[in-house]
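K.L.:
First the structure, then my questions, so here it is.
None of the figures in this text is laboratory data; all of them are computed from the coordinates on show. Keep in mind that what you see is a predicted model, and the values were worked out from it rather than measured. Cβ sites come from the backbone with ideal geometry, for glycine too, and all protein chains shown count toward neighbours.
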Amino acid sequence: MVLADLDEDPFDEFLPFRLSCDDVFMTLSTPTLETERLRLRPFTDVDAEDLFALQSDAYVLRYWDSPPWTDRTSVARFMARCQQMAEEGSGARVAIERISDKAFVGWCTFNEWNPDFRSASLGYCLHQAAWGRGYATEAARALLQWAFDTLEVNRIQSEVDSRNVASARVLEKLGFELEGTLREDCIVNGDVSDSWVYGLLRRDWAG
C-alpha cells in the first residue's frame, strides 16, 4: 500500500482532524475486533520485534512509498503515532494476530479521518508468510465495518502501487472501485512508480 514515510517520520500525514466543530479534540478508542481467524487489537510493546521484522523486509515493502526500516528507533515512533492517532481522533491502527496461535500477521490502519468531509483512508501491511490466505481481506473488512458502524464516514480511499496487483485485488474484493491513476506519484530510491486510487462509498459497502 502507498502510505507515509515510515523511516523518517512515520505516518506524518495523519493530521489532527477534529471529531467536533467546537475545536475540541475527541479521542477515538483503538478497537479490538475478531473475525473467524484473526484478532485486530491495539499495538503493545510485545509487538516490537515482529513489527521491525515486517517493516525492514525489503521484499514486503518493494511497492511501498518509503524504504524499509534500518533503525529500530522507527518502532518507537510507530508506536507513539498509534497513541497519537487515538488521542487526536484521527484514526485507528491495529495489529493483526492469528487467533489459533497468536502469531503476529501484520497491521491495518483506518487513518486521515476527516469528519467535515466524512472521509478517511485505508492501509495494511502483512508478512510474506501471511500472503495468499485471505488475511488482508478479512482484516480490512473487519476494520471497515467498525468504521462504518462507529463513525459517519461516507468515503474511504486507498492508494496502491500500480505494480501491486495482489493488493489491488484485495481492495476490489472489499468493494473499492478504481477511480484513477496518479502518474509517477512516488520516487523511492530512484524508482519511479504510478499509484492507483481506489474509493469506497458507504452506499456501496456490502460488509
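K.L.:
Between exposed chymotrypsin sites (Phe, Trp or Tyr not before Pro) in the chain, where DSSP calls loop and at most 15 other Cβ atoms lie within 10 Å, what's the longest gap? Before the final figure, lay out each step's value.
P.N.:
Values: sites that count: PHE25, TYR59, PHE117, TRP131.
It runs 132-207.
K.L.:
Mind checking the full-extension length gain between ARG133 and THR44? Use 0.36 nm per residue of separation minus the Cα-Cα distance, one decimal, nm.
P.N.:
29.6 nm
K.L.:
Counting only helical runs of four or more DSSP H residues, what would the 222 nm mean residue ellipticity of the chain come to if each run contributes -39,500 (n - 2.57) and the total is spread over all its residues? Write out the running numbers ahead of the final one.
P.N.:
On the way: 4 runs with 49 residues, N = 207.
The per-residue figure over the chain is -7500 deg cm²/dmol.
K.L.:
Considering only VAL170, SER193, GLY180, whose Cα is most displaced toward the positive end of the charge dipole of the range 160-207, charges sitting on Cβ of Lys, Arg (+1) and Asp, Glu (-1)?
P.N.:
VAL170
K.L.:
Relative contact order for the range 33-155: what is it in percent, counting Cα pairs under 8 Å that are at least 6 residues apart? Present the calculation step by step, with values, prior to reporting the outcome.
P.N.:
Values: 167 pairs, mean separation 30.4, N = 123.
Relative contact order comes out at 25 percent.
K.L.:
Then there is this: In percent, how large is the relative contact order of the range 101-192, given Cα pairs closer than 8 Å and 6 or more residues apart?
P.N.:
Numbers: 80 pairs, mean separation 22.6, N = 92.
Relative contact order of the range 101-192: 25 percent.
K.L.:
So, one more: Between (1) 20.1; (2) 17.2; (3) 22.3, which entry matches Kirkwood radius over Cα pairs in Å as derived from the coordinates of this structure?
P.N.:
(2)
K.L.:
Right, here's the next one. Restricting things to Cα coordinates, could you compute the convex hull volume per residue of the range 33-155 in Å³? Please list the in-between numbers first.
P.N.:
Working: hull volume 13.6 nm³, N = 123.
Enclosed volume per residue, from the Cα hull, is 110 Å³.
K.L.:
Please state the relative contact order of the chain as a whole percent: Cα pairs under 8 Å, 6+ residues apart?
P.N.:
Details: 410 pairs, mean separation 43.8, N = 207.
With pairs under 8 Å counted, the relative contact order is 21 percent.
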